[in-house]
Amino acid sequence: MSLPDLDLQIIYARIAWGLIAASVLLSVLPTLLPKIFPQLARRSKAIVIGTVAVVMLLPGAASPAYWLTLVFQYPSGLLTGYSLVALFARWNERPVVFPLNPVFALLLTLVGVVLYLDAFGVLALGLYYRGFDSGAATLLTCAAALGGAAAVYFRYAGTAGAALLTSVLLFSLLRLPSGNLWDALLDPLLWAWALGSVILEGMRRHAARKAALEAQQAQDAIVAEPELVQAHAASIDQVQYK
């Protein structure tokens, strides 16, 4: 078992929280800054990134990264990778889909549930501690790297694949963020994001099924309407004949 140096973890926390904060702010501020400062419209993205970088690099408790690390611990490499990919997309003015890929979000949600139940002693499988084990961690790291590379190559959940490769590289090369593979792949914020994505996808599919059912019922009513009209006309003819 090898753990990263504390100084390296502190540097990682500053950079990771900076990427996360910048990617979140760039989803809101670039639409507001040009309205407040029209002359800064073209520089708003650089202003946001530069300001976040300077604030996160403040020494000690003056940095927001210090307090964020106290509350949430170190962000996972996967969340950092997602933030890096999202920041790159926003910098190039490409649209970013906020919900995670449904399949990947469901996988993260299920893994998080099992890990948290194991950590609380409900399952008592010792899965978290296996993240420090060289053999199990190596196999899972290789599997994650292959999955991420396949997602990028086949252009299926490319964002998730790129983020997964980033987390694998951080863990393999620098053992970040904590020396445990599970901490590189999941953290509470990412798990909450994945859970929210699963809920949104479930609501979307439910709404789609409901809309399809209503459309089918309306179509059936339209098809049945001529038959009702003909039956009504036939009954009128019979009354008149009698």
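The values are calculated or read from the model by the stated rules, or taken from the named source; none is laboratory data. Computed from a prediction, not measured in an experiment: that's the story for all the values here. Using ideal geometry, Cβ is built from the backbone for each residue, glycine included, and neighbour counts are taken over all protein chains shown.
Given the options 157, 124, 136, 163, name the one that is modelled with pLDDT under 90 and crowded, with 19+ Cβ neighbours inside 10 Å.
157
Here is a yes/no grid of residues against (1) touching a Pro at 6+ places or on another chain (Cβ under 8 Å); (2) without any contact (Cβ under 8 Å) to a residue 12 or more places away in the chain:
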{"position": "124", "(1), (2)": "no, yes"}
{"position": "130", "(1), (2)": "no, yes"}
{"position": "141", "(1), (2)": "no, no"}
{"position": "157", "(1), (2)": "no, no"}
{"position": "176", "(1), (2)": "yes, no"}
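List the residue pairs whose Cβ atoms are under 8 Å apart, where the first residue sits in the stretch 3-20 and is closer than 13 Å to residue 78 by Cα and touching a residue at least 40 places away in the same chain (Cβ under 8 Å), the second is in a helix (DSSP H, G or I) and polar (S, T, N, Q), and the two are 6 or more positions apart or on different chains.
Within 8 Å, the pairs are 16/80; 16/83; 17/69; 19/80; 19/83; 20/80; 20/83.
If you scan the stretch 87-102, which residues turn out to be outside any loop (DSSP other than H, G, I, E, B) and modelled with pLDDT under 90?
Hits for the stretch 87-102 are 87, 88, 89, 90, 91.
Test residue 136 against the criterion of being closer than 18 Å to residue 108 by Cβ, in a helix (DSSP H, G or I) and aliphatic (A, V, I, L, M), and give yes or no.
Answer is no for this residue.
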